[in-house]
Amino acid sequence: MSKMLKVLTTSVKIHSVYKANIFFNIISMFTRILLAFILWGVAYESNSLIGGYTYNQMLLYYILSSFILQLDKTDIIANSMAEEVQNGRFAKYIIMPINVKNYFLFYSLGDSFLNFLFSFICCIGFIIFFGLRLSFTITAAHFLGLLVVIVLGILIMANINFIIGTLAIKYYDITVFMMVKDNILSLITGSLLPLSLFPKGILNIMHFFPFYYIGYYPVNLLITGDVESIFMAACILTVWLFVLHLAATRLFKKYIMSYEGIGL
Amino acid sequence: MIDIEIQNLSKVYENVIKQSGFRNSILYLFHSQKKLTEAINSLDLQVMHGECLGIVGANGAGKTTLIKLMSGIIMPTSGSIKVLGYTPFELDIEFKKKIAFVSGQRNQLFFDLTALDSFNLLQEIYCVQKKAFKASLSELTHILEVDDLLDRPIRNLSLGERMKMEIIGALLHDPQILFLDEPTIGLDCISQGKLRQYLKEINKKRNTTIILTSHDFSDIIDVCQRCIVLSHGYKIYDENIEKLIKRFNTKKIITIYNDRKMRSFVLPDFCKIIENSDDKLVFALPPDKVGYIYNQLFSQQPTLDISIEDEDIASIISRVYKQEEISLNE
């Protein structure tokens, strides 16, 4: 475990080198929320409730979902793996006495940690800036359950990104895979639109997939205080995590056999 | 004790052929051809513990492939390979703790971090005790003269300094086998000399087995006792370096430093002129004729400034390659 903690702290050191990245991350988060503020402002002129949300809740949704999705930096796993495969440096991870998947997971958590610090401060700033009222009704126990759901969500995303990163061993360029994944995820995790705006039939199906619980679910729970399904959410995520972990490990074992160390 | 045992090892790469040109690029979308390239062919090899083995060969001979196979980075197509009793491509954690790989072409350390930060991570990854880590680091940085560079980001270091840091990173966990793929690339001649000296030292002190590939034959001669020559994936020679040189050193080079107008002698047919300039004459001849020529020259001109040297090792090894090229073509 101490190995992986060292990887995490090393990753924090690496990601803190590029201060501009952190700054522009905050700018893009602010732009997204500002856009929601303007667009939903117009929509709420003629309605007081859209998809079960008040205007205040809708803006809170955008701020909190941005914060939670900022915590998930696991796309670094796929991107770093692809970059290292392409430039021939991936070999070093193969011959180091580490679990490659854990290494890249903790490497991405280092970036998540930095983002957590800055996003948290910014979220508070945004809430004050937009004059929003925070009124959470959940208990400490439910909050803990929520944290479990968020962590499971990050681990699921890490496995998905590790699977895509592993594809780089065979296909070298994973840009298209990443683009497809990002587009699908932004829709089905609710980062583009609250999922409550989707038709009920689709929403019911989404309950069985992990993505529903990654962005939309924790934010909705915080805003509406609907805590009844928290145990079920954790169970569904655990099952998916197990399945994806098996798939990622198997795929890596299979593809690493065909690694040719090109560029080394 | 045998550290590396390879039997009938072969590695075949499957490459996709993509021809140049716009039309071929479009056609490639619908149909691609594959070509099999035999990088290593039926290779047998044994390396004893504590041995320094040099691997030489022309570009594409299979040197790096062989080192990648031995370190477990790639999987062989056929044959068997055992390193320290492990099958490398099974990537056992204990096996990985016992080896180190340094490539002169690729950085293993983190570009954005200081060397010390990277070393601290390696200490944790390889489970090196703090005391041993400190002692190793201090020894290595002192020998390679980089004590004052530890707090500088790797990206701000020169190529040579970076290479030294890579080697320090590889040796911190005291590996039993050190794989070095062209480690002296980019180093100045003083650093090259120091690195070679150090490699010899760790081989002697720690009894580390060293497997070294290099295009600079001085590295091989200086560090290794034995070398194998690869050509088109085949092992064409495997013997003591001195013996190899003796076998293929079929020429001596004589240089006479004098004014062209002063040269009154005529060289016999067995002398092959290499350079005939205004101030010097250089020619090659069979080693057994040196005495005869020497006597002839001094009997005609007793005050000659003359040097007699062995052929340089690069030419000898090139001849080994060429001879093999001919036999392979035949």
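If you take the residues in region A:40-56 that are in contact (Cβ under 8 Å) with a residue 40 or more places away in the chain and not β-branched (Val, Ile, Thr), which one is surrounded by the most Cβ atoms within 10 Å (Cβ to Cβ)? Break it down into steps so the answer makes sense when it comes.
Step one: list which residues in region A:40-56 are in contact (Cβ under 8 Å) with a residue 40 or more places away in the chain, which gives A:50-53, A:56.
Now narrow it down to the ones that are not β-branched (Val, Ile, Thr): A:51-53, A:56.
On the way: A:Gly51: 14, A:Gly52: 13, A:Tyr53: 20, A:Asn56: 16.
Top of the filtered list is A:Tyr53.
Report, by residue number, each residue of region A:244-258 that is farther than 16 Å from A:Tyr212 by Cβ, part of a helix (DSSP H, G or I) and among the hydrophobic types (A, V, I, L, M, F, W, C). Before you say what the answer is, go through the steps one by one.
Narrowing region A:244-258 to residues farther than 16 Å from A:Tyr212 by Cβ: A:245-258.
Now restrict to residues that are part of a helix (DSSP H, G or I): A:245-256.
Listed by number, the residues that qualify are A:Leu246, A:Ala247, A:Ala248, A:Leu251, A:Phe252, A:Ile256.
Condition check: out of contact with any Ser or Thr (no Cβ under 9 Å at 6 or more places or on another chain) and within 14 Å of chain A (Cβ to nearest Cβ). Does B:Leu36 satisfy that? Quick ask: steps written out before the conclusion?
Numbers: out of contact with any Ser or Thr (no Cβ under 9 Å at 6 or more places or on another chain): yes; within 14 Å of chain A (Cβ to nearest Cβ): yes.
When the stated conditions are applied, B:Leu36 passes them.
Contact annotation: residue pairs with Cβ atoms under 8 Å, 6 or more positions apart or on different chains, pairing a residue in region A:17-39 that is without any contact (Cβ under 8 Å) to a residue 60 or more places away in the chain with a partner that is surrounded by 11 or more Cβ atoms within 10 Å (Cβ to Cβ) and hydrophobic (A, V, I, L, M, F, W, C), are A:Val17/B:Leu113; A:Ala36/A:Met58; A:Ala36/A:Leu59.
Pairing each residue of region B:224-239 that is free of Cβ contacts under 8 Å to residues at least 60 places away in the same chain with any residue that is surrounded by fewer than 22 Cβ atoms within 10 Å (Cβ to Cβ), provided the two are 6+ apart or on different chains, yields C-beta distances under 7 Å for B:Glu239/B:Arg226. Number of residues in region B:86-124 that are facing another protein chain (nearest Cβ under 9 Å), touching a strand residue (DSSP E or B) at 6+ places or on another chain (Cβ under 7 Å), of a type in the set (A, V, I, L, M, F, W, C) and in contact (Cβ under 8 Å) with a residue 40 or more places away in the chain: the value is 4. Of the residues making up region B:1-33, those that are within 14 Å of another protein chain (Cβ to nearest Cβ) and either touching a strand residue (DSSP E or B) at 6+ places or on another chain (Cβ under 8 Å) or small (Gly, Ala, Ser) (or both) are B:Lys11, B:Val12, B:Tyr13, B:Glu14, B:Asn15, B:Val16, B:Ser32.
In contact (Cβ under 8 Å) with a residue 60 or more places away in the chain, more than 16 Å from B:Leu109 (Cβ to Cβ) and not basic (Lys, Arg) - does that describe any residue in region B:158-173? No: zero hits. Counting the residues of region A:233-261 that are within 13 Å of chain B (Cβ to nearest Cβ) and surrounded by 15 or more Cβ atoms within 10 Å (Cβ to Cβ) gives 6. Based on this model, can you work out whether A:Ile262 counts as over 17 Å from the mean Cα position of the chain (by Cα) and farther than 30 Å from B:Ile67 by Cα? Criteria not met by A:Ile262. Considering A:Ile98, A:Ile121, the condition of being more than 30 Å from A:Tyr259 (Cβ to Cβ) and β-branched (Val, Ile, Thr) is satisfied by A:Ile121 alone.
Selection of region B:1-36 for residues being of a type in the set (Val, Ile, Thr) and modelled with pLDDT of 90 or more yields B:Ile2, B:Ile4, B:Ile6, B:Val12. Within region A:86-114, how many residues turn out to be assigned to a helix (DSSP H, G or I), within 9 Å of chain B (Cβ to nearest Cβ), in contact (Cβ under 8 Å) with a residue 40 or more places away in the chain and not hydrophobic (A, V, I, L, M, F, W, C)? Selection size over region A:86-114: 1.
Among the numbered conditions (1) within 14 Å of another protein chain (Cβ to nearest Cβ); (2) more than 15 Å from A:Leu117 (Cα to Cα); (3) touching an Asp or Glu at 6+ places or on another chain (Cβ under 8 Å); (4) crowded, with 18+ Cβ neighbours inside 10 Å, the only one that A:Ser11 does not meet is (2).
Condition check: free of Cβ contacts under 8 Å to residues at least 40 places away in the same chain, out of contact with any Leu (no Cβ under 9 Å at 6 or more places or on another chain), in a helix (DSSP H, G or I) and farther than 25 Å from A:Gln57 by Cβ. Does A:Leu117 satisfy that? When the stated conditions are applied, A:Leu117 passes them. Yes or no: A:Tyr62 touching a residue at least 24 places away in the same chain (Cβ under 8 Å), away from every other protein chain (no Cβ under 14 Å) and in contact with a Pro (Cβ under 8 Å, 6 or more places away or on another chain)? So A:Tyr62 does not fit the description; no. Checking every residue in region A:27-35 against the condition of being surrounded by fewer than 18 Cβ atoms within 10 Å (Cβ to Cβ), farther than 30 Å from B:Ile125 by Cβ and more than 20 Å from the chain's Cα centre (by Cα) gives at least one match.
Of the residues making up region B:271-305, those that are within 19 Å of B:Ile316 (Cα to Cα) and of a type in the set (A, V, I, L, M, F, W, C) are B:Cys271, B:Ile273, B:Ile274, B:Val282, B:Phe283, B:Ala284, B:Leu285, B:Val290.
The values are calculated or read from the model by the stated rules, or taken from the named source; none is laboratory data. Given the structure is predicted, the values throughout are model-derived calculations rather than measurements. Note: ideal-geometry Cβ built from the backbone for every residue, glycine included; neighbour counts use all protein chains shown.
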